[in-house]
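The values are calculated or read from the model by the stated rules, or taken from the named source; none is laboratory data. Since we're looking at a predicted model, the values are computed, not measured. As a convention, Cβ positions derive from the backbone with ideal geometry for all residues, glycine included, and neighbour counts pool all protein chains shown.
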Amino acid sequence: MKEILKEIEERFGPIWERVQRPKLAQVGIEPAKAVPLLTWLKEHRGYVTLVHLSAVDWIEQGEFQLTWLLGNPETEERLMICSRIDRENPAAETVSGLWPQAVTYEQEINEMFGVSFPGSPRQGVPFILEGWKDIPPMRRDFDTVAFVEKHIPGREGRKHIDTRTYIGEKFGEKGYLHD
Amino acid sequence: MDDKIVKPEPPLGGPPQGSRPHAPVGDGCFLGEEMKPQAPSYKEALARIKNWFRANSLWVMAYGTGCGAIELRPLATARFDMERLGIAMRPTPRQSNVLIVSGYLAVKSLKRVIRSYEQMPSPKWIVALGSCTINGGMYWDSYNTINRLDLYLPVDVYINGCMPRPEALVAGFQELMRRIKKGEADGWRHYMENLDWYKENQKKIITDWDLPEYNW
Amino acid sequence: MTETRERSKEVQIWFGPQHPGITGNMSVQTWLDGDTLTRGITHVGYLHRAFEKLMERRLYIQSFPIVCRICVPEPDTNEWLLASALEELSGLDREVPEKARWIRTLVLEMSRLGAMLMVLGGHAGSMGLGPAPQWMIALRDLVLDRFEELTGGRVYHMYIVYGGVRRDLPEGFAERMEQTLKTIESKLPLIDDVIFGSAVFRKRAMGVGVVPREWAFEMGISGPVIRAMGIPKDVRKDEPYEKYAELDFDVVTEEGSDIFARAMVRRREIQQSIDLIRQILARMPKEGPYCAELPNMLEWTIPVGQTYVRAESSRGEMGYYVVTDGSKKLRRVHVRGPSYVHGVSLLERLIPGTNIADLAPLMVSLQVCPPEIER
Amino acid sequence: MSLKHVLQPFNAWVQAFSKPYTIPMKDTMRPGADRYRGWHINDVEKCVGCGTCADICQNAAIDMVPVKDPVKGDSGLRPKIDYGRCCWCALCVDVCTTGSLGMSNEYTWVEKDPEKCRYTPGVDAKPWDGSEKGWRQEEGFSLIVKDRVPMPMLDPKERIKTWAEVVVGYSVEEARKEAARCVSCGLCVAACPAHMHIPDYIGAIRDGDFEKALDFIYDNNPMPEMCGKVCTRRCEGVCSVGIQGEPLAIRWLKRFATEQFEDFAKVLHPEVKRVGEGKKVAVVGGGPSGVTVAYYLAVRGFEVTIYEALPQLGGATFFGIPKYRFPMPSLEKQVDLLKKAGVKIVTDHRVEKDEFRRLLEENDALFFGTGLMKPYKLGVPGEDLEGVIYALDLLRDHHVGKKVEVGESVVVVGGGNVAIDASRVSRRLGAEVTIAYRRRREDMPADDEEIEDAEAEGIELVTQSIPLRVEKLENGKLDFIWGPAEMVPPDRPGGRPKPKLIEGVENHLQVDRVIVAIGQKGEFEWMPEEVAEKVVTSRGWVEVDETGMTQWPGIFAGGDLVNSTADAISAIADGLKAVEGIQQFTLEGLSVSKS
Amino acid sequence: MEFNSIQEVLDFAVRQEQKAGRFYGLMAEKSTDVVARKFFREMVGEERKHEAKLKAIKSGKLSGFSGQGTPQMNLTEVLGEPVFREDITLQEGLIIAMRAEKDAYEMYEGLKAFARDEELKKILEGLAAEELEHKARMESIYDQVVQREN
């Protein structure tokens, strides 16, 4: 895996890279250069298969991370191309031209994360959810428990007692340094 | 038709007593005429016989709404053979009178389940499998699954287990059959009488409501 | 439903989600010109429980039971994938004992066998051959009895856990397993006669639903679908995991890339699984620990990292993309099921031109498992 | 479409003559496999209500419901399972710290009313309650870490030659690894007399935030380093992880937290209203209870002065406990913090009767915690011989640095911590030591780890021995004559069994010294008569109400003089009680000088 | 020492109790240790209670003696004979009390030999048992307070 990483380093400038397993390496690159790198890998380096496209929400840093996983059918090596995009109105270049199944991935990420892929055929078409009015649910600032309490009634009659606080109250546990 | 006159007790956690049923039961409902005031005794015997036949030929709709449907397959095929209990799988709602809600229900599925249920002829019964139909099961905190089935559809029998084994399903069906023979399993009548309450609950959870208003 | 219907001879039919022919809970919106389908769109979401969202709220040990609910016919692959992903990220994989690896391989093979039996039954059932699915589901039930005995659960085993497995093999398990394998093997020739020997099946399966070879690598097709094109791709050989490197078996391939070839691949893989299980049971070490020393599971934290682990499920290459951020919970998990490609883009590209009657067998031959698509 | 393919399916008819798969109707209800995961069962006696099963359940299916009132070691809560949530993963069974929770192999439950799908196993009767089969815990798999991180200790052979501290202490990773074992159930909080926030500070150590840990500790314990080294560890006795494994090293983790900082004042930022401005409080006796009252009142703005008779604060913990367990510098940081909090400390100053009266005049409230400083005598003939000495004096002289001579062989009479300390000190001074204890080994009030350490250092233990008399021999040695005892049942419930002398049998033991450590008592010569009359009971203890106040309004008391458990942490608990009492007493405008 | 009626025996016992009461009262005033002082005062109260009990038996209100049967520890065989001093401690006070109870017990046992009829013997035995009970209670206090760690 080392050679391909060196090659990417030379051609596409500074990247972050790490070999996770003998047949799996990770590459971090700026979003602008991501799709050119993918195209180059597909056309010239035999990484023909798009295994999957996924998004990760780094809410603390205010970024989304897009991860394309390419596979090389001959050598069975896998390459994980990751790039970070800003969380405010996130957008990324589509790869549906290179791989037909990318349409479904991009449609799902659009629905679940709100990342738009201009030029991808089924953007905005509901894929999993029906009549969804809230923010894209896979974002980390969407609180699923609060949503359930508001919209999906459950069965009452249960009272949760936390043993730690229960014992504290029953035995008069008190602090003397803070009021 | 079943001529029991006693007013059914409300479903648990169901609507408050005395809520105005949608339309006087009987008109507008598919079979119309069965709610006469006082049945002479021979009608009682006739009802019991009808119930007996009904109980011994349950036709289940082949709609695996949740993960529990996989344990229906051994029941339907050679190993546990529900055929001997008179239970058969039917492809469409029109030909079946038992709907098995086999576990969790996504909101999207709930819409289709309600529609299928309403297309089934009365009397019809619902068997709810697993813990997801009682209080949400493993997906209690998921934004896409309902936590209590009895708010949206009247349930006659709950079979507990995640997921209930074929043997538990056999026990469940036998319990359903016993309740039908005794004339107790009348969730469908309750659905008709409290249609407003059910529709109101359903509309609260299904946002893009495009289902018909009546119970056809 | 709400689409305005232009005046054309084209008819639009919704195939599912309530349809006996559908494999699982999904629907295909199809446009028909007479009997042949001109266009089709797959609709999923009927079984969406947001696993990935829930797993971000759960401790690592709490994600362990929810993972096997993703694909019902074959839950163990999911358990193994999450276990090996987190072991790799946390460094626990160095401590997984030898016996645990053998038991895991055994469980994975038994799970493949059970899933394959059911799908082959589905092949016959989708074409109306009544008796075959009856026998296959009954044989699968025998495998489930062995699972119940080994793991304590029939369908959901929750057995492969981080660091190894949860319990040891019960006594006399190997003999009873051998007995089950013999029963299955005794029925296989009869099943060949009914399915592959039946004129109906041959006529309706051969030459139908052909997947062109050039789509294979580009679309990431895997499992029996790619092996039916004659391409020997099997994750157990490409990137061997657990004990597959030490087992001797060769990849089953067929020619023709049609429904018949795919069914034949699955039929031969049932035999392959049976041989593999026999090999594993023969080489299973008698004593030794079956699980590593686990840290306190209520406070287990894994350093920052991301990885993609893959395994050969009965439907094809299944992978978990796992990202951890040093806390006690997962940052992100993405379940890449083979049906994501087979059930949506591949199916939609195959639909134009097929007969409406062949849609169900085509979907069964692609072994589409909807929960994998929408998770 | 060859004919072969038309006919071949008819081979299926072979199946008509083979054995059917179908399970006959009568035995459809097959019993679940031996380890099948069915409905829950729970042994309600073994269960201590630690709530770990409720913590690990990802479906929040388990609620802890009160079944009986909480006692030390059992929260009285029992798991109630909601089968509208359970997914039968049995993680609760595998994590159960007592192994009481299990699963039967029953699987059939058909219900009409969904509300009934909840029950408390072991409390609500169910048909599957007694089932032997089903999923149970097993040795080879555990979700909690049962073994403790080993604490580096000096080897028994070496440590009797030196006075170095026996327990070396955890490194940072060891401490964090040990702290990660905690399931934070809270049972330890109930057992600790001062109800310290134990799970919170252990959690802070696990996360590496040692400042927060120290803040939690200091919230109700002003002498954590002392407690970290010599506490009687009642919390570890009820630790739920310790039921099937080794308990958390709570004491050593407390000590680890204090060893991370040089100056506690920089770390602790008490935010407490300074209600005591202008109020003066005198504390007689610098033991744990006195220090507690002084520190927490000073933090609240009171003007506090401590009067200590001995040259150092610490009371019995400092003078009674030898260096190898409690080195001299261990108190410096805590005393330094006291000074920084504004407490005036007067040592080497024995308060006498008239000074006590003067203090009553000048202060708004007075607290005394002078502890049990005088030893009880053996009461047998020959006790006044020259070789018979008292353990308290031996330990104090040795501690202050005086030269102490114990000869080659020694007998120590008594079984408490004082006896064990005296015997290990004599061992280090080169003597052969025998401990003579009147009751059985399990009745010994000393810390069982201490007894093991002592035996590891070659100290011999003779139980059920009653001293008869001591005689002087010609060769200058002493003859310690004792008789065997048989155990007589205790007269009050829960009391210790009592030894009864078997007449006629006399054993002789030639020793150089007889060290008496049978018990200690309070000393009240320094207290004015009118105060002593009101305050002291006929048994030599001091009576206090729930706010820690004696019969004399305004005079508060605490420590070994008041409670019967007589260990450092109970003294601190009394101190905390008195802090509240004094604050309330002075805020109501009362003053001891007026009454 | 001849007794010819039960009343006489009881009068003798009452006088003994009063003597013991005065004996403890004297010690209570003289001792300087506050704990010992309080303990002797308590003993005075104790002796008065015994006296009241004997009077009740004399006047027929109480039927007989109810010994609780506290287990004996025969500490008195082991411990020395302390002599009263100004600065006597609680420990020595307890031993003195134990010895006094033991002497009373032995006295009543001895008198039993002189008793003429069965009635007298029973009363004397009852008194002896009562004294033995007091000694056992003293021993249990000693074990609880003094032998705390032994």
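Filter region C:24-55 for residues that are in a loop (DSSP other than H, G, I, E, B), at negative phi and crowded, with 23+ Cβ neighbours inside 10 Å; which is modelled with the lowest pLDDT?
C:N25
What are the residue pairs meeting all of these: first residue in region D:51-62, first residue more than 9 Å from chain A (Cβ to nearest Cβ), second residue assigned to a helix (DSSP H, G or I), Cβ atoms under 6 Å, and 6 or more apart or on different chains?
Every condition considered, the pairs that remain are D:C53/D:C92; D:I56/D:L91; D:I56/D:V95; D:C57/D:C92; D:Q58/C:Q62; D:N59/B:M138; D:I62/D:C53; D:I62/D:A54.
Residues being of a type in the set (D, E) and at positive phi: count how many of those fall in region C:214-273.
Residues that pass the stated criteria total 1.
Just to check your reading of the model, which residue among B:P164, B:P154 is within 8 Å of chain D (Cβ to nearest Cβ), touching a residue at least 12 places away in the same chain (Cβ under 8 Å), assigned to a loop (DSSP other than H, G, I, E, B) and within 24 Å of A:R155 (Cα to Cα)?
On inspection, the qualifying residue turns out to be B:P164.
Which one is farthest from D:C57 (Cα to Cα), of the residues in region B:129-144 that are among the polar types (S, T, N, Q) and part of a loop (DSSP other than H, G, I, E, B)?
B:N144
For region D:104-135, name all the residues that are closer than 25 Å to B:E71 by Cα and among the charged types (D, E, K, R).
Of everything in region D:104-135, those that are closer than 25 Å to B:E71 by Cα and among the charged types (D, E, K, R) turn out to be D:E106, D:E111, D:K112, D:D113, D:E115, D:K116, D:R118, D:K133.
Going through region D:198-230 one residue at a time, which ones are over 19 Å from the mean Cα position of the chain (by Cα), more than 14 Å from chain A (Cβ to nearest Cβ) and among the acidic types (D, E)?
Selection gives D:D207, D:D209.
For residues that are hydroxyl-bearing (S, T, Y) and away from chain A (no Cβ under 14 Å), scanning just region D:545-595, find the one that is nearest to D:A532 (Cα to Cα).
D:T550
Check region D:374-384 and report whether any residue there is assigned to a helix (DSSP H, G or I), of a type in the set (V, I, T) and either outside the structural domain of D:R251 (by TED's automatic domain parsing) or buried (at least 19 other Cβ atoms within 10 Å of the Cβ) (or both).
No, because not a single residue in region D:374-384 is assigned to a helix (DSSP H, G or I), of a type in the set (V, I, T) and either outside the structural domain of D:R251 (by TED's automatic domain parsing) or buried (at least 19 other Cβ atoms within 10 Å of the Cβ) (or both).
Only one of D:D364, D:D453, D:D447 is touching a residue at least 60 places away in the same chain (Cβ under 8 Å), among the acidic types (D, E) and touching a helix residue (DSSP H, G or I) at 6+ places or on another chain (Cβ under 6 Å). Can you tell me which?
Checking each option against the conditions leaves just D:D364.
Name the one entry in D:R30, D:R35 that is touching a residue at least 40 places away in the same chain (Cβ under 8 Å) and touching a helix residue (DSSP H, G or I) at 6+ places or on another chain (Cβ under 9 Å).
On inspection, the qualifying residue turns out to be D:R35.
Every residue in region D:123-169 that is within 14 Å of chain C (Cβ to nearest Cβ) and under 24 Å from the mean Cα position of the chain (by Cα), please.
D:I144, D:V145, D:K146, D:D147, D:R148, D:V149
Restricting attention to region D:1-37, and to residues there that are small (G, A, S) and more than 7 Å from chain C (Cβ to nearest Cβ), which single residue is nearest to D:Y83 (Cα to Cα)?
Among those that are small (G, A, S) and more than 7 Å from chain C (Cβ to nearest Cβ), it is D:G32.
So which pairs qualify, if the first residue must be in region D:497-515 and under 12 Å from D:G387 (Cα atoms), the second must be of a type outside the set (S, T, Y) and surrounded by fewer than 15 Cβ atoms within 10 Å (Cβ to Cβ), the Cβ gap must be under 7 Å, and the two must be at least 6 apart or on different chains?
Cβ pairs passing all conditions: D:Q510/D:L473; D:D512/D:E408.
Can you report the number of residues in region E:1-54 which are free of Cβ contacts under 8 Å to residues at least 60 places away in the same chain, of a type outside the set (S, T, N, Q), under 26 Å from D:K353 (Cβ atoms) and within 14 Å of chain D (Cβ to nearest Cβ)?
So the answer is 12.
For C:Y241, work out the one condition from (1) within 18 Å of the chain's Cα centre (by Cα); (2) more than 14 Å from chain A (Cβ to nearest Cβ) it doesn't fulfil.
That leaves (2) as the condition not met.
Which of (1) in a loop (DSSP other than H, G, I, E, B); (2) exposed (fewer than 15 other Cβ atoms within 10 Å of the Cβ); (3) assigned by TED's automatic domain parsing to the domain that holds D:V406; (4) of a type outside the set (K, R) is the odd one out, the single condition D:E486 does not satisfy?
All conditions are met except number (1).
Considering only residues that are touching a Phe, Trp or Tyr at 6+ places or on another chain (Cβ under 9 Å) and within 22 Å of A:E74 (Cα to Cα), which ones fall in region A:1-20?
Matches in region A:1-20: A:I4, A:I8, A:Q20.
Between D:E236, D:E246, which is in a loop (DSSP other than H, G, I, E, B), within 30 Å of C:N296 (Cβ to Cβ) and either of a type in the set (D, E) or at pLDDT 95 or above (or both)?
Only one candidate passes the filter, namely D:E246.
Among the residues of region B:167-175, is any facing another protein chain (nearest Cβ under 7 Å), in a loop (DSSP other than H, G, I, E, B) and under 23 Å from D:V110 (Cα atoms)?
No: region B:167-175 contains no residue that is facing another protein chain (nearest Cβ under 7 Å), in a loop (DSSP other than H, G, I, E, B) and under 23 Å from D:V110 (Cα atoms).
So if I check each of D:A419, D:A436, which one is more than 23 Å from the chain's Cα centre (by Cα) and either touching a residue at least 24 places away in the same chain (Cβ under 8 Å) or assigned by TED's automatic domain parsing to the domain that holds D:V166 (or both)?
That would be D:A436, the only listed residue that is more than 23 Å from the chain's Cα centre (by Cα) and either touching a residue at least 24 places away in the same chain (Cβ under 8 Å) or assigned by TED's automatic domain parsing to the domain that holds D:V166 (or both).
Could you tell me which of the residues C:L82, C:L108 is more than 13 Å from the chain's Cα centre (by Cα) and crowded, with 22+ Cβ neighbours inside 10 Å?
Checking each option against the conditions leaves just C:L82.
Is there a residue being in contact with a Ser or Thr (Cβ under 7 Å, 6 or more places away or on another chain), within 30 Å of D:G476 (Cα to Cα) and at pLDDT 90 or above anywhere in region D:355-376?
Checked against the condition, which is being in contact with a Ser or Thr (Cβ under 7 Å, 6 or more places away or on another chain), within 30 Å of D:G476 (Cα to Cα) and at pLDDT 90 or above, region D:355-376 yields no hits at all.
Answer yes or no as to whether B:N144 is more than 9 Å from chain D (Cβ to nearest Cβ) and without any contact (Cβ under 8 Å) to a residue 40 or more places away in the chain.
yes
For region D:530-557, how many residues are touching a residue at least 60 places away in the same chain (Cβ under 8 Å) and surrounded by fewer than 23 Cβ atoms within 10 Å (Cβ to Cβ)?
Looking only at that region, the number is 2.
Out of E:M138, E:M43, E:M98, E:M73, report the one residue that is in a loop (DSSP other than H, G, I, E, B) and buried (at least 20 other Cβ atoms within 10 Å of the Cβ).
Exactly one of E:M138, E:M43, E:M98, E:M73 is in a loop (DSSP other than H, G, I, E, B) and buried (at least 20 other Cβ atoms within 10 Å of the Cβ), namely E:M73.
Quick check, is B:S122 more than 9 Å from chain D (Cβ to nearest Cβ), part of a loop (DSSP other than H, G, I, E, B), of a type in the set (G, A, S) and farther than 17 Å from C:Y46 by Cα?
yes
If D:C182 passes every condition in (1) within 14 Å of chain A (Cβ to nearest Cβ); (2) not in a loop (DSSP other than H, G, I, E, B) but one, which one does it miss?
Answer for D:C182: the failing condition is (2).
Which condition number does D:N105 fail, the rest of (1) more than 16 Å from A:I161 (Cβ to Cβ); (2) out of contact with any Cys (no Cβ under 6 Å at 6 or more places or on another chain); (3) away from chain B (no Cβ under 14 Å) being met?
In the conditions (1) more than 16 Å from A:I161 (Cβ to Cβ); (2) out of contact with any Cys (no Cβ under 6 Å at 6 or more places or on another chain); (3) away from chain B (no Cβ under 14 Å), D:N105 misses (3) alone.
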